[in-house]
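These notes concern the structure reproduced below.
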Amino acid sequence: MGLLARLRRRPAVPSEPAEVPRSVAIIMDGNSRWAAENGLTVADGHREGTRALRRTVEAAIDLGIESLTVYAFSTENWLRPPAEVDALMEIFGETIERELPDLAEQGVRTRFVGRRDRVSPELQEQMADLEAETAHRDRLNLWIAFDYGGRAELAHAARRIVEAGLRPDEIDEEVVGKHLYAPELPDPDLLIRTSGELRISNFLLWQLAYSELVFTERRWPEFSTDDLRSAIDEYSARQRRFGAR
């Protein structure tokens, strides 16, 4: 069996995964393609993607996942057509206002990872308010990577280390980790990418060092609870060695 076929092979969906990862990350890909396939606008695809996010978070709660990190908007996404970027900003604000507070009632703490200085003051305020309002929730940590890039994060960490005046012999992996955007964000046990693409696209470059990767053909707007369970089942069937034998 070829590499591509092995990467895309999906096991049967179990009723309950054998082992649930503590921390899961998702590259939510395929909104635009799903919209095109269904005769809808790109904005429609992104709005449907927010509904997929809600049901995925609720499924993660039910499965006992502790931390979920989702790739919402990358540093490269600014290169998209201005009309699409404007729509994404509007939808992002809608999601903070309409979807995420309901998840907070279910015990979800929301935090944002990445830059905030390139969006409107109103959106920055929405993000800060939601973080403050959900700070005491502890059923699931939802990390939303927004205006995020893995290389930018590492450059940010390097700048902070230099600003701290550390000597070269004081710098190790622990020091670098403490200077990332969110040092408390756990390394994902499992990364899921939807829509059939087989790359990580500048997402969590430091944190994904030993993550298990699962790729699915499913477009993000149609990603279901069964798809999440299937990815976790594939994860639970693997033996993680972390470089050892």
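Out of curiosity, is ARG118 over 23 Å from SER23 (Cβ atoms) and touching a residue at least 40 places away in the same chain (Cβ under 8 Å)? Don't jump to the end; show me each part of the working.
Working: over 23 Å from SER23 (Cβ atoms): yes; touching a residue at least 40 places away in the same chain (Cβ under 8 Å): yes.
Against the criterion (over 23 Å from SER23 (Cβ atoms) and touching a residue at least 40 places away in the same chain (Cβ under 8 Å)), ARG118 qualifies.
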Report task. Taking the residues in the stretch 165-184 that are among the hydrophobic types (A, V, I, L, M, F, W, C) and under 23 Å from the mean Cα position of the chain (by Cα) as candidates, determine which candidate is farthest from PHE112 (Cα to Cα). Result -> VAL176
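Might you check whether a residue that is basic (Lys, Arg) and either touching a helix residue (DSSP H, G or I) at 6+ places or on another chain (Cβ under 6 Å) or under 22 Å from GLU48 (Cβ atoms) (or both) occurs anywhere in the stretch 141-164? Show your work before the answer.
First, the residues of the stretch 141-164 that are basic (Lys, Arg): 151, 159-160.
Next, from what is left, pick out any that are either touching a helix residue (DSSP H, G or I) at 6+ places or on another chain (Cβ under 6 Å) or under 22 Å from GLU48 (Cβ atoms) (or both): none.
Checked against the condition, which is being basic (Lys, Arg) and either touching a helix residue (DSSP H, G or I) at 6+ places or on another chain (Cβ under 6 Å) or under 22 Å from GLU48 (Cβ atoms) (or both), the stretch 141-164 yields no hits at all.
Has the stretch 198-206 got any residue that is of a type in the set (D, E, K, R), in contact with a helix residue (DSSP H, G or I) (Cβ under 7 Å, 6 or more places away or on another chain), in a loop (DSSP other than H, G, I, E, B) and surrounded by fewer than 20 Cβ atoms within 10 Å (Cβ to Cβ)?
So in the stretch 198-206, the residues of a type in the set (D, E, K, R) come out as 199.
Within this subset, residues satisfying the condition of being in contact with a helix residue (DSSP H, G or I) (Cβ under 7 Å, 6 or more places away or on another chain) are none.
Scanning the stretch 198-206 turns up no residue that is of a type in the set (D, E, K, R), in contact with a helix residue (DSSP H, G or I) (Cβ under 7 Å, 6 or more places away or on another chain), in a loop (DSSP other than H, G, I, E, B) and surrounded by fewer than 20 Cβ atoms within 10 Å (Cβ to Cβ).
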Query - Single match in ARG137, ARG109, ARG116 (criterion: within 16 Å of SER74 (Cα to Cα) and basic (Lys, Arg)) - result: ARG116
Query - In the stretch 185-225, residue modelled with the lowest pLDDT [restricted to those that are farther than 26 Å from ASP117 by Cβ and among the aromatic types (Phe, Trp, Tyr)] - result: TYR210
Report task. Please determine, by comparing only the residues of the stretch 33-75 that are among the hydroxyl-bearing types (Ser, Thr, Tyr) and touching a residue at least 40 places away in the same chain (Cβ under 8 Å), which one is surrounded by the fewest Cβ atoms within 10 Å (Cβ to Cβ). Result -> THR75
Requested in this report: Test ALA104 against the stated conditions and say whether it is over 22 Å from ILE200 (Cβ atoms), among the small types (Gly, Ala, Ser) and surrounded by 17 or more Cβ atoms within 10 Å (Cβ to Cβ).
Outcome: yes
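On the given criteria, is ARG6 modelled with pLDDT under 95 and under 29 Å from ALA237 (Cα atoms)?
yes
The values are calculated or read from the model by the stated rules, or taken from the named source; none is laboratory data. Bear in mind the structure is a predicted one, so any value in this text is a computation, not a measurement. Cβ coordinates were reconstructed from backbone atoms using ideal geometry, including for glycine residues, and neighbour counts include every protein chain displayed.
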